[in-house]
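This report concerns only the one structure given below.
The values are calculated or read from the model by the stated rules, or taken from the named source; none is laboratory data. As the structure is a computational prediction, the values presented were derived from the model and not from experiment. Glycine gets a Cβ as well: all are built from the backbone with ideal geometry, and neighbour counts include every protein chain shown.
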Amino acid sequence: MDCKRGSISIEKFKKEFQESKKDFCQDLGLSHEQELILNINEDYLLALRNKVSDYVINSNNIKELLKQAESNSFDLVANQLDNQVLNKELEWLKDEHNTEINLIGEYDSSDEDFTVGVKLSHILYDGGQRKIKIADKEADIGDLLDEYERLKKELELEFEEKQNQIELDQDQLDQNQLTYEKTLLEERIAEEQFEHGLIDKIEFEEYRLSTEEEEVNLSSAGDNLLISKLNLLVLFKNEDFFRGN
């Protein structure tokens with residue numbers, strides 16, 4: 001029964017891999033006729049895996065990392081740019097002094113002469129429109145500042161969640177490592193018992209399949225930890241970090 005269950009588990013992992021590969025190809029826009037070769041031994045992938053695996057988040061350096069994450073955040077950068085634009089528009093509104101500038105043109109058909117000039121006019125009363133525009137602009141700036149603080153808080157929470165996920169995945173990897181070492185030891189003992197005729201081949205195969213299953217679980221746990229680290233690193237690392245050199 002255990003032997004059959006082990007075979008089913010391995011086949012399940014193989015099927016899940018093929019489904020994931022199929023989804024990945026669809027995301028890349030590859031047709032069924034095109035083949036995607038995934039080679040774990042590619043130099044770039046190995047270099048990136050080693051770089052990410054070796055990277056350690058220093059708890060004493062969180063504030064600096066958060067500042068880097070803020071500077072890398074598209075939403076925060078876009079918010080600051082919008083804020084700069086609105087402040088410049090507010091500055092122009094306050095400097096208008098109720099003066100309008102209009103271009104004027106005049107055409108004399110007798111000598112076919114066309115003249116262009118500038119007309120300055122001072123608005124004595126605008127019905128409070130200018131004050132309303134200034135108030136609206138200041139309100140928009142206030143909304144942007146509130147949004148910036150909200151986005152900043154969300155980024156901090158995301159950073160913390162990704163840190164926690166790394167810790168959970170690391171604990172899971174450690175647990176899978178211990179389980180794998182245990183099943184590996186049990187397989188070696190079972191192999192000796194099989195060689196001495198103490199157990200039959202079916203019983204030995206059960207131990208061997210259990211080891212293979214735990215090896216897959218261990219590899220999967222390592223991949224999950226790698227992905228969790230990548231998810232955190234993309235928050236504060238620029239693209240140079242992820243290059244192959």
Of the conditions (1) at pLDDT 80 or above; (2) of a type outside the set (A, V, I, L, M); (3) exposed (fewer than 15 other Cβ atoms within 10 Å of the Cβ), ASN41 satisfies every one except a single condition; which number is it? (1)
Suppose the filter is under 30 Å from SER53 (Cα atoms) and assigned to a helix (DSSP H, G or I); does GLU181 pass it? yes
GLY222: under 25 Å from ALA47 (Cβ atoms) and of a type outside the set (Ser, Thr, Tyr), yes or no? yes
Say we look at the range 162-215 and pick out the residues that are modelled with pLDDT of 95 or more, among the β-branched types (Val, Ile, Thr) and in contact with a Ser or Thr (Cβ under 8 Å, 6 or more places away or on another chain); which of these is surrounded by the fewest Cβ atoms within 10 Å (Cβ to Cβ)? THR211
What single numbered condition from (1) out of contact with any Phe, Trp or Tyr (no Cβ under 7 Å at 6 or more places or on another chain); (2) part of a helix (DSSP H, G or I) fails to hold for GLU191? (1)
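On the basis of being modelled with pLDDT of 90 or more and surrounded by 11 or more Cβ atoms within 10 Å (Cβ to Cβ), does LEU145 make the cut?
So LEU145 passes the test.
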Among what's in the range 44-84 and is in a helix (DSSP H, G or I) and among the small types (Gly, Ala, Ser), pick the residue that is surrounded by the most Cβ atoms within 10 Å (Cβ to Cβ). ALA69
Here is a check on your reading of the model: is LEU198 among the hydrophobic types (A, V, I, L, M, F, W, C) and in a helix (DSSP H, G or I)? no
